[in-house]
Amino acid sequence: MTAHAPDGTPLGLGPNQQRALLAVLLLRRGRPAPMADLLGALWGERPPPRAVGTLRTYVSRLRTLFEPERPSRAPARLLVSASDGYALRLHEPFLDIAEFERGIAEAARLRTAGATGDAYRTLGEALGLWAGTPLAGLPGPHAETQRDRLTEMWLTAREDHFHGALELGLDRDTAAVADLRAFAAEHPLRERAQALLMLALHRAGRSGEALAVYGATCDTLSRELGTGPGPELTALHRRLTTRAAPAPAATPPREAARPAAPSGAGARGDAQACGCGPGLPAPDGPDGPDAPAVPYGADRPAAGPGSADGCFAGRAAELALLGEVLAGTGSGVPVAVLTGMPGIGKTALADRAAALSRHRFPDGVLRADLGAGSARALAGLLGTLGVPEPALPGGIEARAALYRSLLAGRRVLVLLDDAPDTAGLLPLLPAAPGCAALVTAPGRGLVVPGARLVDVPELDDDTALLVLAAAAGERRVRAEPDAVRDLVRQCAGLPLALHLAGTRLRQEPALTAAALASPDGAGLTARLRAGGRSVEDAFRRRCATLAPAALRMLRATVAAPDGFGPAAAAALLEDGGPPGAAPAAAVAPEAGAAEAADLLEAIVDAGLLRPAASGRYRYHPLVRAYARHRLTPA
């Protein structure tokens with residue numbers, strides 16, 4: 001979110017939470033916002049003890065920003081006190097969200113009046129205002145709700161725009177069909193998008209591909225939602241199979257309200273989302289499906305649930321951001337670094353983003369796993385690029401130079417998985433213009449100049465239920481709805497945990513969701529294992545990367561309430577941490593807040609601790625459970 005003064009000067013809007021408050025006030029369009037509404041918008045049902053004072057501080061800063069010449073005791077004229085709260089009364093503010101909504105409304109009016117061409121152009125202008133994720137980076141329930149609302153509005157407007165192109169015959173353009181295919185692939189549960197793609201393909205003489213889209217959509221709907229296609233999609237399929245080319249419907253079919261869940265990829269144990277069948281094919285590039293492609297690297301793990309043959313849900317905002325990064329509007333090589341805790345779905349998200357951006361990289365996608373070291377990763381990449389093993393240079397620097405020389409003049413996307421540190425990553429980053437890199441890493445410790453950091457969050461409860469249901473099957477979910485929701489709550493939005501829980505329910509008919517979710521001495525993490533993978537293994541691998549002092553800090557603070565800071569952590573470490581822990585003073589005497597902060601950041605870099613606002617931290621519930629049951633010294 002950005003703001004400018006009347007003379008065009010950019011305004012510094014302050015920290016994200018202050019910006020979130022400003023967003024609430026702006027979206028109320030001058031109407032007063034009571035204090036209770038503002039507290040709920042920023043912090044939800046449980047605001048912190050000093051929330052009112054913090055909010056008033058934000059208001060004071062914004063008033064100074066908007067009226068820098070106002071005397072200290074003079075009443076504010078713009079951000080005013082009203083109705084036990086505040087109202088923002090700017091003179092004719094320009095909000096791109098408001099312009100977007102007005103454009104959609106005007107396009108709908110023109111379409112109703114029969115002015116299809118004007119409606120198409122007006123809607124295109126409105127869509128041109130869209131730049132990335134709305135309210136990106138702003139915290140709080142209000143920002144999240146508005147992001148969902150505006151994203152759904154944008155998706156529907158995109159579908160309306162594609163429909164208008166069909167009405168006007170603009171779908172004859174190959175690029176337009178490719179755009180529609182990419183959109184439909186990104187949103188495989190939106191039946192209207194699939195119908196539009198089927199119609200465009202059929203009209204382009206590619207009826208076989210249109211019918212394949214229908215088959216893939218049926219598979220996706222069945223496996224993710226336990227349903228079949230709706231009547232509009234079914235009717236279109238029936239018409240296409242009789243080789244009748246229908247004109248676009250006057251009122252395009254709109255799907256029932258369903259959460260959008262893009263199909264995804266990723267095979268590593270720390271990136272599973274849900275075990276489903278084949279998703280939609282990746283969109284063709286500008287040179288068509290036969291464009292030369294560099295295959296995935298030799299270190300690519302074998303496919304499995306959540307891999308390129310699987311699907312995941314709830315990452316629309318992150319996919320949109322990664323798409324912007326890979327578009328590469330700047331002069332350098334675009335690099336995005338995906339971070340997050342073990343099992344959060346970093347690799348699945350990277351694979352899906354790579355598939356959606358495949359058309360930008362006609363020379364294909366290279367992939368390497370950095371977990372085994374940079375030298376081995378470079379050897380795999382060079383082998384994929386045609387260098388035989390006997391011809392491989394001996395040192396990392398020589399291999400990196402040869403690797404970059406082979407990428408010169410090519411447009412390749414490089415996917416680098418599980419980067420442990422900056423030194424190991426840098427030799428594998430491409431340097432050639434036209435190339436780009438997607439990197440996954442456990443924490444925020446990588447320092448890559450110009451890279452975009454994308455922190456992958458936990459899934460919300462509704463999306464988490466979709467993921468578990470996709471793995472378990474709708475029948476198991478319907479049999480124990482309350483117990484399943486409790487299980488989803490205990491998995492706390494971690495895709496790997498949800499996938500493993502659902503897999504166990506599917507594979508073990510005698511196991512109930514209530515039994516799987518019930519607390520006992522071993523903890524839920526011990527039961528989240530299936531097919532040779534487990535949540536505990538993912539956590540164990542990350543704990544093994546911690547230095548002894550950081551591991552002691554994890555043990556000392558794992559029972560601390562969410563929102564603890566370095567001073568509290570230092571006190572816990574000095575006191576010896578939770579019951580049963582070895583006294584820390586023997587190995588870290590008089591640990592101060594600065595030392596504690598360094599140790600906490602090391603745990604963050606391992607992906608086992610989440611930074612919260614204002615230098616505070618929180619542990620994921622499953623990390624807490626694992627540490628309590630597995631890391632307490634004997």
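Quick one: grab the alpha carbon gyration tensor of region 14-77, order the square roots of its eigenvalues as a ≥ b ≥ c, and give me rounded if a/c is under 1.5, else prolate or oblate depending on whether a/b is larger than b/c.
It is prolate, given that a/c is not under 1.5 and a/b is the larger ratio.
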Using θ = phi - 60° and the Karplus form 6.51 cos²θ - 1.76 cosθ + 1.60, what ³J(HN,Hα) does each residue of region 421-434 get, whole Hz, x for Gly and Pro?
7, 5, 4, x, 7, 3, x, 9, 6, x, 10, 7, x, x
Quickly rank 600-609, 105-114 as a protection proxy: mean count of other C-beta atoms within 10 Å, highest first.
600-609, 105-114
Extension reserve of the THR116-VAL447 stretch, reckoned as 0.36 nm per residue once the Cα distance is removed:
114.1 nm
Can you list the residues, at least 5 places off or on another chain, whose amide H is less than 5 Å from the amide H of GLY364, using H built in the peptide plane?
VAL294, LEU413
In order through region 435-442: 3J(HN,Hα) via Karplus (6.51 cos²θ - 1.76 cosθ + 1.60), integer Hz, x for Gly, Pro:
8, 8, 9, 10, 10, 10, 8, x
Sorted by chain and number, the residues with a modelled amide H under 5 Å from that of ASP455, at a separation of 5 or more or across chains, are THR339
Give me the distance between the Cα centres of region 420-443 and region 10-46, rounded to whole Å.
37 Å
Amide H of ARG618: which non-local residues (sequence gap of 5 or more, or other chain) have their own amide H closer than 5 Å, using H built in the peptide plane?
GLY563, ARG610, ALA612
In region 123-174, the trypsin sites (Lys or Arg not before Pro) that fall in loop regions by DSSP, at most 15 other Cβ within 10 Å:
none
Residue-by-residue Karplus 3J(HN,Hα) for region 385-397, coefficients 6.51, -1.76, 1.60, Hz, glycine and proline x:
7, x, 8, x, 4, x, 8, 5, x, x, x, 5, 4
How would you order 592-598, 617-623, 24-30 from highest to lowest mean count of nearby Cβ atoms within 10 Å?
617-623, 24-30, 592-598
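Need one number for region 183-244: average projected area of the convex hull over its C-alpha atoms, nm².
3.7 nm²
Show me 457-464, 183-190 ranked by packing, highest mean number of other Cβ atoms within 10 Å first.
Values: 457-464: 18.5, 183-190: 22.9.
My ranking of the peptides, most packed first, is 183-190, 457-464.
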FRET efficiency (ARG56, LEU78; Cβ distance; R0 22 Å; to 0.05) is 0.85
Approximate spin-label separation LEU90-THR227, in nm, with each point projected 7 Å along Cα-to-Cβ
3.9 nm
Between region 376-414 and region 52-94, what's the alpha-carbon centroid distance in Å?
58 Å
Under a point spin-label approximation (7 Å from Cα along Cα-to-Cβ), what is the ASP148-ARG102 distance to one decimal in nm?
2.9 nm
q = 0.21 Å⁻¹, region 123-182: log10 I(q)/I(0) [Debye, one scatterer per Cα]:
-0.85
Taking all protein chains in place and a 1.4 Å probe, what share, in percent, of the accessible surface of region 387-522 do carbon and sulfur account for?
55 percent
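The values are calculated or read from the model by the stated rules, or taken from the named source; none is laboratory data. It should be emphasised that the depicted structure is a prediction, and the values quoted were computed from it without experimental measurement. Backbone-built Cβ (ideal geometry, glycine too); neighbour counts: all protein chains shown. Remember, those area values only see protein heavy atoms, side chains included, never the ligands or the DNA or RNA. Shrake-Rupley method; radii C 1.70, N 1.55, O 1.52, S 1.80 Å.
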